[in-house]
2 protein chains.
Amino acid sequence: MKAVGVIVEYNPFHNGHFHHLNETRQKTDADCLIAVMSGNFLQRGEPAIVSKWARAKMALAAGVDVVIELPYAFAVQAAEQFAHGAVQLLAAIGCQELCFGSESGEISAFLSAAKTWLEQKETFDSLIRTGLARGQSFPKAAAEAWQKFGAAPLDLSKPNNVLGFAYVKAIWQNKLAMMPRTIPRLAAGYHDESFSHPSIASATSLRKTLRQTGRLESIAAYVPPATLEQLRQYRETYGRFHDWEVYFPLLKYRLLTATEADLRRIAGVEEGIEHRLKQHIAHAETFAAFIAAVKTKRYTWTRLQRLCAHVLTNFTKEEQAKAANPTYIRLLGMSEAGRRYLKQVKKSAALPLVARASKLNGDSLYEQEKRAAAVYAAAFPEPLYSAALKEEYATAPIYVSGIERK
Amino acid sequence: MKAVGVIVEYNPFHNGHFHHLNETRQKTDADCLIAVMSGNFLQRGEPAIVSKWARAKMALAAGVDVVIELPYAFAVQAAEQFAHGAVQLLAAIGCQELCFGSESGEISAFLSAAKTWLEQKETFDSLIRTGLARGQSFPKAAAEAWQKFGAAPLDLSKPNNVLGFAYVKAIWQNKLAMMPRTIPRLAAGYHDESFSHPSIASATSLRKTLRQTGRLESIAAYVPPATLEQLRQYRETYGRFHDWEVYFPLLKYRLLTATEADLRRIAGVEEGIEHRLKQHIAHAETFAAFIAAVKTKRYTWTRLQRLCAHVLTNFTKEEQAKAANPTYIRLLGMSEAGRRYLKQVKKSAALPLVARASKLNGDSLYEQEKRAAAVYAAAFPEPLYSAALKEEYATAPIYVSGIERK
């Protein structure tokens, strides 16, 4: 069986994702589509709109065969570390190809950019360090570094190009036997907040619309029916969706009671940002107002969101430094084909395949995952808080047979 | 002017407290009654039912002339450390006498018990250490130690006798020029949860009744009108009273995300209790159920409550060890007579008299107080959370002229 990997967040799953899956299956002739998906917190430092289980169900309904979890220590990170964890997991579970969506759509552009970068790594590193020292953000410093080598072969101001570029580099740096491919993304930009296409919209715009209208029908044109159904069930069970504002009281409590020395131990707290956090938190009444007050040229919104997620989950610099590579493959869900594939690779997989999270107790990456789950569940009043916590440890991987698929 | 001190929590102020104040004034011929009062968290580790400001108003209305704050590092402690902080503050502000309520009512019994204890300190310490090592609670070990010296001259199973005994010892150990006196408490026991007297009830029973009925009238017979009025205003402004259950989601969040190493840094976390905390928190749906599950012979309810308060406020062993003595006298409120008295002692007081908390920024005892205030305010949704926080730093001492008194 030929396995092909995709790297996803599905926050929530929408028609653009569906297009990407169908194109991937068609172009690669995959027998088994494997998605490595972020858990409770996402790459840009946001809590996922619904749980990993609900999002895994959306993925399975749309044709993904195996969903595995990207551990927190890789999921809530800038592109390079995110890519490093994700491609290793896909390679470890035996994917022959990785197929990512990008604005560019041309794999040759990624290969050429990655080649230049890796050949000139020291020059790039030194140019970027200089840029950072001058107070630039990382993307800005990287863009200026490229100018020294003529124009970049790839538009690295586009978020999906940036991720794809990181995937290709990570595959090469880790010497993985997995071929990268890319598919052009349809219409909507990653961060677009308004709808401009009849059936394709970005996840960002879908979440924003849902927040504003509170009505699932307002996004019905842009997502498969299974997404709508999962969102409906989730809200019925838990009473709400998740966003940063839900967690703001916890963040405020924690920032007010942690000492500056405590904060300096947290991953991402550098260059005295702890003073700014402390300075602005007492007066801030919303998360958005807080980040707007703390933001600087160097500390972008995304970087601050990630840092705040780390404050909430108590994810330290020491833990980040130790999180070199994934240590397990955690299954969140599978189809019939996925189950057959897993049976086949069970013994050959480069990392242990784990169905029951309770087997991971003591693994430091999983201990971090549990803390992220504890934060995520704190959005609910009791008894839902305890119930959602239990779901994290006790849920068996979701199995969806062919008949159940929509 | 003759100043006399009392050590109080007023949680809330009731007729028994009123009796104690009147007796104190009459017996000591005081010109100025000074109360040192716990702030947001109390000796037994509970959050105060209403803010320090509301409780200071109750005290002033009942005839107290000066209310000063007992810092968190002394307020949320077993009897000895609590007494150590409180008597030093009263002596520093110039009190010639301390007058405490007790079950015994005989100062000679306290003097005799304290004398025996201090003369035999090493023997007591060693007997108590042995008892603790055998798994006894501190009160139990202390009671057994007394048996070696014949019966204690004082019934040390009574909570107010225990506190009074600690006050007398602390006065002597600190060589303070302040004379201890005691007044017998009326009717109700400290912890009594039901009403058995027509106008006197314990603060514990009043809080319990309020929680159960939600009606202020249900406690009207047992408190002065000013207490009722302050409680009414507080609930109108903030929408609620405070108890541990309000803070349980924060405690749960913190216990789930702190590592065991983090917890071992917290004051009061000893002998592996962090394992029990971690073990029981995920399943507990209420604070009461959690403490009931964690409780042992050695870790009493009160000890666990204090420890949980320290977890919430991030009060560490290191901070506790450094909190040797009070470093300032913080004014919460005063009467006309109080103001005159303060003018008189302003320069002679042994510690700086501080009206504006902002002057205390950087003082480590006050930094702890701010954290306790941050936890306390987390009971409210925004914008009340921010407003209550601001009240902590920005409120000027309350001034009540004679005419306003009821």
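Looking across segment B:339-384, the residues that are among the hydrophobic types (A, V, I, L, M, F, W, C), buried (at least 19 other Cβ atoms within 10 Å of the Cβ) and under 29 Å from B:His242 (Cα atoms) come down to B:Val354, B:Ala357, B:Leu360, B:Leu365, B:Ala372, B:Ala373, B:Ala374, B:Val375, B:Ala377, B:Ala378, B:Ala379, B:Phe380. If the condition is being within 14 Å of another protein chain (Cβ to nearest Cβ) and in a loop (DSSP other than H, G, I, E, B), then segment B:288-315 contributes B:Asn314, B:Phe315.
Restricting segment B:94-141 to residues that are hydroxyl-bearing (Ser, Thr, Tyr) and either closer than 15 Å to B:Ala170 by Cβ or within 26 Å of the chain's Cα centre (by Cα) (or both), which is surrounded by the fewest Cβ atoms within 10 Å (Cβ to Cβ)? Going through the qualifying residues, I end up with B:Ser108. For segment A:1-52, the tally of residues that are free of Cβ contacts under 8 Å to residues at least 12 places away in the same chain and in contact with a Ser or Thr (Cβ under 9 Å, 6 or more places away or on another chain) stands at 0. Of the set (1) away from chain B (no Cβ under 14 Å); (2) within 23 Å of the chain's Cα centre (by Cα); (3) among the aromatic types (Phe, Trp, Tyr), all apply to A:Tyr341 but (2). Close Cβ contacts (under 6 Å, 6 or more residues apart or on different chains) running from residues in segment B:373-394 that are under 16 Å from B:Glu236 (Cβ atoms) and in contact (Cβ under 8 Å) with a residue 12 or more places away in the chain to residues that are not polar (S, T, N, Q) and not in a helix (DSSP H, G or I) comprise B:Ala379/B:His242; B:Ala388/B:Phe380.
Residues checked against (1) over 22 Å from B:Pro383 (Cα atoms); (2) out of contact with any Ser or Thr (no Cβ under 8 Å at 6 or more places or on another chain); (3) in contact (Cβ under 8 Å) with a residue 12 or more places away in the chain; (4) surrounded by fewer than 20 Cβ atoms within 10 Å (Cβ to Cβ):
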{"site": "A:Leu210", "(1), (2), (3), (4)": "yes, no, yes, yes"}
{"site": "A:Ile219", "(1), (2), (3), (4)": "yes, no, yes, no"}
{"site": "A:Tyr222", "(1), (2), (3), (4)": "yes, no, yes, no"}
{"site": "A:Thr227", "(1), (2), (3), (4)": "yes, yes, yes, no"}
{"site": "A:Leu231", "(1), (2), (3), (4)": "yes, yes, yes, no"}
{"site": "A:Tyr234", "(1), (2), (3), (4)": "yes, no, yes, no"}
{"site": "A:Arg240", "(1), (2), (3), (4)": "no, yes, yes, yes"}
{"site": "A:Trp244", "(1), (2), (3), (4)": "no, yes, yes, yes"}
{"site": "A:Leu250", "(1), (2), (3), (4)": "no, yes, yes, no"}
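Taking segment A:385-399 as the search range and keeping residues that are within 14 Å of chain B (Cβ to nearest Cβ) and hydrophobic (A, V, I, L, M, F, W, C), which one is surrounded by the fewest Cβ atoms within 10 Å (Cβ to Cβ)? Talk me through it step by step, then tell me what you get.
To start, the set of residues in segment A:385-399 that are within 14 Å of chain B (Cβ to nearest Cβ) comprises A:385-394.
Checking the rest, the ones that are also hydrophobic (A, V, I, L, M, F, W, C) come to A:387-389, A:394.
Working: A:Ala387: 14, A:Ala388: 19, A:Leu389: 22, A:Ala394: 10.
Taking the candidates together, the pick is A:Ala394.
Is segment B:268-275 home to any residue that is buried (at least 19 other Cβ atoms within 10 Å of the Cβ), farther than 24 Å from B:Phe380 by Cα and of a type in the set (Gly, Ala, Ser)? Within segment B:268-275, one or more residues are buried (at least 19 other Cβ atoms within 10 Å of the Cβ), farther than 24 Å from B:Phe380 by Cα and of a type in the set (Gly, Ala, Ser).
Restricting the search to segment A:295-310, which residues are under 15 Å from A:Lys278 (Cβ atoms), crowded, with 23+ Cβ neighbours inside 10 Å and of a type in the set (A, V, I, L, M)? Scanning segment A:295-310 gives a single hit, A:Leu307.
You will find that of A:Glu336, A:Glu285, the residue that is within 14 Å of chain B (Cβ to nearest Cβ), more than 18 Å from A:Leu70 (Cα to Cα) and surrounded by 15 or more Cβ atoms within 10 Å (Cβ to Cβ) is A:Glu285 and no other.
I'd like the full set of residues that are of a type in the set (Lys, Arg) and surrounded by 23 or more Cβ atoms within 10 Å (Cβ to Cβ), limited to segment A:32-77. Give the derivation first.
So the first thing to find is which residues in segment A:32-77 are of a type in the set (Lys, Arg), and the list is A:44, A:52, A:55, A:57.
The answer is A:Lys52, A:Arg55, A:Lys57.
Every condition in (1) crowded, with 17+ Cβ neighbours inside 10 Å; (2) of a type outside the set (Lys, Arg); (3) touching a strand residue (DSSP E or B) at 6+ places or on another chain (Cβ under 7 Å); (4) more than 21 Å from A:Leu331 (Cβ to Cβ) is met by A:Gln81 except one, and the failing one is (3).
Among the residues of segment A:110-121, are any under 23 Å from A:Tyr299 (Cβ atoms) and of a type in the set (S, T, N, Q)?
Step one: list which residues in segment A:110-121 are under 23 Å from A:Tyr299 (Cβ atoms), which gives none.
Within segment A:110-121, none of the residues are under 23 Å from A:Tyr299 (Cβ atoms) and of a type in the set (S, T, N, Q).
Report whether or not A:Leu360 is within 12 Å of chain B (Cβ to nearest Cβ) and modelled with pLDDT under 95. Here the answer is no, as A:Leu360 does not meet what is asked. From the list A:Ala379, A:Ala374, the one residue that fits, being within 14 Å of chain B (Cβ to nearest Cβ), in contact with a Ser or Thr (Cβ under 7 Å, 6 or more places away or on another chain) and either more than 20 Å from A:Ala91 (Cα to Cα) or not in a strand (DSSP E or B) (or both), is A:Ala374. If the condition is being under 17 Å from A:Cys32 (Cα atoms) and either within 14 Å of another protein chain (Cβ to nearest Cβ) or in a loop (DSSP other than H, G, I, E, B) (or both), then segment A:348-357 contributes A:Ser348, A:Ala349.
Quick one: which helices (runs of 4 or more DSSP H) sit completely within segment B:159-272 and have at least 1 residues that are within 23 Å of the chain's Cα centre (by Cα)?
Numbers: elements: B:159-173, B:203-213, B:225-238, B:244-257, B:260-264.
Answer list for segment B:159-272: B:159-173, B:203-213, B:225-238, B:244-257.
As a summary of the residue check, B:Arg330 satisfies the conditions (1) outside any strand (DSSP E or B); (2) closer than 23 Å to B:Ile398 by Cα; (3) under 16 Å from the mean Cα position of the chain (by Cα) except for the one numbered (1).
The values are calculated or read from the model by the stated rules, or taken from the named source; none is laboratory data. Given the structure is predicted, the values throughout are model-derived calculations rather than measurements. Every residue, glycine as well, gets a Cβ built from its backbone with ideal geometry; the counts of neighbours run over all protein chains shown.
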